[in-house]
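Structure record follows, encoded as structure tokens.
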Amino acid sequence: MQTGPAGLISRHPDNPILDASMWPYAAASVFNPAAVTLGQDTLLLVRVEDPRGHSHFTAARSKDGATDWRIDPAPTLEADPVNHPEELWGIEDARITRLEETGEWAVAYTAYSKGGPLVSLACTDDFRTFRRVGPVMPPENKDAALFPRRFKGRWAMIHRPTTAFLQGKADMWLSFSPDLVHWGDHRMLMAARDGAWWDANKIGLGPPPLETEKGWLILYHGVKQTAAGCIYRLGLALLDLEDPGRVIARSDPWVFAPVEPYEQMGDVGNVVFSCGWIPDGKSRVRIYYGASDTSTCFATADLDDLLGFVTSSFSK
């Protein structure tokens, strides 16, 4: 099924592809997966909310990226509040980037601390053991991912800080680091729009930036507050290849929205929320997303169509 102003993104007919009933241990909901290709497998690092309400990550693997999932029999990466008190109430919403320089996978995730959510990093080369870098942004902050290579000697990360001063609004920011530990040169990347826009309240990064010939393609979520509650939809933006702080284009319309029952009803209704996508050949991209903070779903799109849309339907 296709939805959206341009019919750009097609849902898998068997959605949801993962739900709590498939889990090998007690789980309340399974959603917002990061996604990578590991050997011959598609690997999803799924956010699993346990019956207490605390989250952790579990890996699910599939040969075709849609069916016959092999799920780790126990949590793959759990919160460690004894050694990492910033993870007191769980870890959430991972994004995974392959670091070209080190050959490791960098996992940026939200650690839920007593002081609020913050951004932490961990690294792995096999998704069985992880080396924690630790917190890299103070609360409140989330929706973070790294770029796969340095820019003029520095790593770059997109993230989403919030403050009481903004009165419910939140924007996407960009920061730089020489070593993945110390971050600075903070600057706003994209602001939530004002008024009646679909992304007028909060915006945040979806999957890690995807490098294309035309620039870094960004899939981001926008949150609009309505009389019936919030609606989470997805839109596109394009950043300059050598200067990721320069926004080339940003689509005016959303491209994906909650329309199916499993996206409209759940723990948090009217939510589509992507943390992972995978290029599939030269012209196709697979998008993995959480539906209503309850289940995990899958969609596909033509990469050239996405690029054509974002460069032809945007505010200058």
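The values are calculated or read from the model by the stated rules, or taken from the named source; none is laboratory data. This one's a predicted model, so the numbers in the text were calculated from it and none came from an experiment. Every residue, glycine among them, receives a Cβ derived from its backbone with ideal geometry; neighbour counts consider all protein chains shown.
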Item to check | Cβ-Cβ under 8 Å pairs, at least 6 apart or on other chains, the range 246-263 side under 12 Å from residue 297 (Cβ atoms) and free of Cβ contacts under 8 Å to residues at least 60 places away in the same chain, far side part of a loop (DSSP other than H, G, I, E, B) and not aromatic (Phe, Trp, Tyr) | outcome: 258/269; 258/270; 258/292; 263/270; 263/292
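Let's see how each residue does on (1) touching a Pro at 6+ places or on another chain (Cβ under 8 Å); (2) surrounded by fewer than 20 Cβ atoms within 10 Å (Cβ to Cβ):
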{"position": "46", "(1), (2)": "yes, no"}
{"position": "60", "(1), (2)": "yes, no"}
{"position": "65", "(1), (2)": "no, no"}
{"position": "70", "(1), (2)": "no, yes"}
{"position": "78", "(1), (2)": "no, yes"}
{"position": "85", "(1), (2)": "no, yes"}
{"position": "99", "(1), (2)": "yes, yes"}
{"position": "118", "(1), (2)": "yes, no"}
{"position": "123", "(1), (2)": "no, yes"}
Next on the checklist: Taking the conditions exactly as written (within 18 Å of residue 188 (Cα to Cα) and at pLDDT 95 or above), does residue 303 satisfy them or not?
Outcome noted: no
Checklist entry - Out of 185, 194, which single residue is surrounded by fewer than 13 Cβ atoms within 10 Å (Cβ to Cβ), in a strand (DSSP E or B) and over 15 Å from the mean Cα position of the chain (by Cα)? => result 185
Checklist entry - Does the range 55-67 contain any residue that is closer than 30 Å to residue 154 by Cα, among the hydrophobic types (A, V, I, L, M, F, W, C) and assigned to a loop (DSSP other than H, G, I, E, B)? => result no
Item to check | Of all residues making up the range 1-54, the number that are among the acidic types (Asp, Glu) and either at pLDDT below 95 or in a strand (DSSP E or B) (or both) | outcome: 2
Checklist entry - Name the residues in the range 173-182 that are buried (at least 16 other Cβ atoms within 10 Å of the Cβ) and either polar (S, T, N, Q) or in contact (Cβ under 8 Å) with a residue 24 or more places away in the chain (or both), would you? => result 174, 175, 176, 177, 180
